[in-house]
Amino acid sequence: MDKRIWAIGGGKGGTGKSFIAANLGLHLASLDRQVVLLDADLGAPNLHTLLGMKAGHPDLGDFLTGVAPSLEEAAVATPYKNLRLVRGSENILFIANLPHFRKLRLLRQIRQLETPNVILDLGTGSSYNTLDFFLSANPGVVVATPEPTAIENTYLFLKSCIMRVLKLYMDHYKIRDLHQRMLDQIEKNSQSLYGFFKSLMETDRSYGTILYRALRGFRPCLVMNKTRDERDVLLGRSVADVARKYLLIDMKYLGAVPYADDVQASLRGLRPYYPDHRDAAAARAIRQMSEEMAYSIEFTLRTPPEIRLPEA
Amino acid sequence: MLKRIEDWNYYELLSVERTASQDEIWEGYQAALATYKDGSLALYGLVPEAERELVLERVQEAFRTLRDPARRREYDLALLRHAPYFPPKAAFRKSVGKVEIDDAPPPKPGFWARIRRLFVKNP
């Protein structure tokens, strides 16, 4: 089965990650494709609200505590054909601090879900849990808004992802002493990523090549949400270009989703946005974005970097 | 591969291919100007001011060179001497048969179809 795991993440709260995830799911489901939406925002789950549903059981917490034997059984039907939802847990205090073995089990079960499209709605921030979910997916979509705070946090999120990818590879190849060197050089001395790789290539070219390849395998996408004019749309293109040049990653700009007042109205009415506003500019943008990703040959050929999480 | 900002060539600075037309160069220049202009949001939290100014100067120099055909030819020759150019490959492979490709050329007629076309007037 040609399976795609989408992760919708980002560095800042309120950028519209859940909105994009919910409407992407609704769009794909409307095309007769089986979709499972998973609310992986462990600290503040509310994907069910965006779909016009109430919180309830079974949820992700039930799966993690063993009440629901598999993730498949925690995925409940929604009022929308072809779309199922794994609701976020109401037991937030327990679930937000997910132990390592539970995270591994969840990641394994996500891969085993018998659905061609799984969409993970991730929480804000750069905790290891969030980063690992983001890195396990293909494609990983970063959602930003045209504001300095969101741009700053987007770069921070990308940098955290990069450091995590490099650490996982360093652990895998048992070159853990390099990790400390990387932290010293990049975090403490604010040396650029280029500077770190340059010095690494000079001292140990083989490890430098391995890590550089690992970094090039990390290919996130960017969506600029809540854009109001042409400048905001171009800002997304600029951010992707800057990330390519300064963070050495192959970032693809998927496009912009224009700001719409109707979104707020839909949310207040506890109705999902997409089915009622199919011809609106924001819905069209989501459609275009998802079609590009779903049919893109580039993404079909792309394989996510094989990341093996170290055992706890 | 791994390049420092001083090592980016003019095409990389404007994010265009080496075969780019004048229109594409203009478009790339406008995008680069928007990225590296004073107070640009795209650099917020990542690129320091001194570096921004340096890149902006190089972007302007890149545009001045590439928009002038004579200077561009001269620059291309100099660039080719130490960095040969390989045009990007098509984004599809034969093994990916199930994916629709809008830009792909229509499939060539097979051998017998071509032969038949030679002999049959209205195939």
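The values are calculated or read from the model by the stated rules, or taken from the named source; none is laboratory data. Nothing here was measured: the structure is a model prediction, and the numbers come from that model. All Cβ positions, even for glycine, are placed from backbone atoms using ideal geometry, and neighbour counts span all protein chains on display.
Here is how the numbers come out for the structure above:
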| quantity | calculated |
| --- | --- |
| For residue A:37: the one exception among (1) modelled with pLDDT of 95 or more; (2) more than 18 Å from the chain's Cα centre (by Cα) | (2) |
| From A:11, A:61, residue being crowded, with 20+ Cβ neighbours inside 10 Å, part of a helix (DSSP H, G or I) and not aliphatic (A, V, I, L, M) | A:61 |
| Residue count for the stretch A:221-258, restricted to those that are more than 21 Å from the chain's Cα centre (by Cα) and either within 22 Å of residue A:27 (Cβ to Cβ) or among the charged types (D, E, K, R) (or both) | 6 |
| Residue A:206 being farther than 22 Å from residue A:14 by Cβ, among the hydroxyl-bearing types (Ser, Thr, Tyr), out of contact with any Pro (no Cβ under 8 Å at 6 or more places or on another chain) and free of Cβ contacts under 8 Å to residues at least 12 places away in the same chain | yes |
| Condition check for residue B:81: farther than 30 Å from residue A:145 by Cβ, modelled with pLDDT under 90 and under 24 Å from the mean Cα position of the chain (by Cα) | yes |
| In the stretch A:196-252, the residues that are surrounded by fewer than 16 Cβ atoms within 10 Å (Cβ to Cβ), of a type in the set (S, T, N, Q) and closer than 24 Å to residue A:132 by Cα | A:209 |
| Breaking point among (1) within 17 Å of the chain's Cα centre (by Cα); (2) surrounded by fewer than 24 Cβ atoms within 10 Å (Cβ to Cβ); (3) over 20 Å from residue A:160 (Cβ atoms), for residue A:44 | (3) |
| Count of residues meeting criterion [without any contact (Cβ under 8 Å) to a residue 60 or more places away in the chain, closer than 14 Å to residue A:75 by Cβ and in contact with a Ser or Thr (Cβ under 8 Å, 6 or more places away or on another chain)] in the stretch A:33-60 | 3 |
| Among (1) within 30 Å of residue A:154 (Cα to Cα); (2) crowded, with 17+ Cβ neighbours inside 10 Å, the one test that residue A:55 misses | (2) |
| Considering residues of the stretch A:227-244 that are more than 9 Å from chain B (Cβ to nearest Cβ) and among the β-branched types (Val, Ile, Thr) only, the residue nearest to residue A:282 (Cα to Cα) | A:227 |
| Residue satisfying all of: in the stretch A:171-204; of a type in the set (A, V, I, L, M, F, W, C) and touching an Asp or Glu at 6+ places or on another chain (Cβ under 9 Å); farthest from the other protein chains (Cβ to nearest Cβ) among these | A:175 |
| Residue A:248, sole failed condition from (1) outside any loop (DSSP other than H, G, I, E, B); (2) within 11 Å of chain B (Cβ to nearest Cβ); (3) touching a Phe, Trp or Tyr at 6+ places or on another chain (Cβ under 8 Å) | (1) |
| Among the candidates B:59, B:47, B:16, residue that is modelled with pLDDT of 90 or more and either closer than 29 Å to residue A:160 by Cβ or assigned to a helix (DSSP H, G or I) (or both) | B:59 |
